[in-house]
Amino acid sequence: MFNKRDNLGYIVANFMEASKVFNKYQMDYCCNGNRSVIKACEEQGLNPDEILQEVNTKYLEVLKNEKPIKTFIDSKSDELIDHINNNHHKYTKVEVEELEALIDKILRVHYDNHGKMLEKVREKFLLLKKDILEHLEKEEESIFPLMKEYMSNEDESILLRIRELIGEGHEEHDTAGNILKDIRNITNNYKIDSSMCTTFKLTYNRLIALEEDLFTHIHKEESILFPRYL
């Protein structure tokens, strides 16, 4: 069972299903996962007892059904890196390309009713795409190979370079998180109205899915992988 003084990142690291509760209330457990439930709820005007009750109810349901609780805490660093590459990186690279095409399509079709809003969404999304693809490339070509090398060669110079790159990674994660929040604000929390077609709704749903996957991706790095080298 978790308590109100536990950090959001700690809770999700030990129980991934908790991310669904935090996503529901737009509680940042990735870039700002070092905040306690109490602190995060105070900042957002939420009731920490109610939030924690939802998390612990889900936790007890899993235990009751005797399902294994999957965590990445005990995974070796190279295993976790491969998991991030093979799941989150591959998904993100494909999804940002397909989402750009979808956003362009609904911008053309719905320009009369939603043109100004969608132009802002497109501007922010292209910025997100550029930043996130550059970040993934840096991880795959610099940070991750150095982390794997350090596992077999604990050279101080390698560790110092890893820490330098992690510092840059923190800032890049914050940037991506802020852009995603901007898109949520522009779309009024992805509000759907009767004028929106099926493709419009699909685009919103895939933006939400991308956001959730990026938050989970960033969480695994910020709360589990990166601290091992700090």
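The values are calculated or read from the model by the stated rules, or taken from the named source; none is laboratory data. It should be emphasised that the depicted structure is a prediction, and the values quoted were computed from it without experimental measurement. Here Cβ is always computed from backbone atoms with ideal geometry, including for glycine, and neighbour counts include all displayed protein chains. Only protein heavy atoms, including side chains, enter the accessible area calculation; ligands, DNA and RNA are left aside. Shrake-Rupley method; radii C 1.70, N 1.55, O 1.52, S 1.80 Å.
Worth a mention:
- Converting the Cα gyration tensor eigenvalues of the range 90-132 into ellipsoid dimensions via √(5λ) gives semi-axes, longest first, of 21, 11, 5 Å.
- Computed with the Debye formula from one identical point scatterer per Cα of the range 116-176, without solvent, the log10 of I(q)/I(0) at q = 0.27 Å⁻¹ comes to -1.06.
- Highest-first arrangement of 84-90, 211-217, where packing means the average Cβ count within 10 Å: 211-217, 84-90
- Computed [θ] at 222 nm, helices only, for the chain once each DSSP H run of length n ≥ 4 contributes -39500 (n - 2.57): -22500 deg cm²/dmol
- Calculated on alpha-carbon atoms, Rg and Dmax of the range 1-119 in Å: 18.6, 53
- The Cα-based radius of gyration and maximum Cα-Cα distance (Dmax) for the chain are 19.0, 60 Å.
- Vicinal HN-Hα couplings computed from phi for the range 51-56 (Karplus, 6.51 cos²θ - 1.76 cosθ + 1.60; Hz; Gly/Pro x): 4, 5, 4, 5, 5, 5
- Per atom type, the range 1-105 shows carbon and sulfur on 46% of its accessible surface, probed at 1.4 Å.
- Just so you know, the Rg over Rh for the range 69-170 is 1.15, from Cα atoms, with Rh as the Kirkwood radius.
- Note on the range 12-68 and the range 97-138: Cα centroid distance 30 Å, given to the nearest whole angstrom.
- Qualifying chymotrypsin sites (Phe, Trp or Tyr not before Pro) for the range 101-201 [loop in DSSP, other Cβ within 10 Å: at most 15]: 190
- Based on C-alpha pairs under 8 angstrom that are at least 6 apart in sequence, the chain has a relative contact order of 29 percent.
- Across the accessible surface of the range 132-230, with the other protein chains kept in place and a 1.4 Å probe, carbon and sulfur atoms take up 46 percent.
- Normalised convex hull volume, the range 139-230, alpha-carbon set, Å³ per residue: 94 Å³
- Put a dot 7 Å past the Cα of residue 108, heading toward its Cβ, do the same for residue 94, and the two dots end up 2.4 nm apart.
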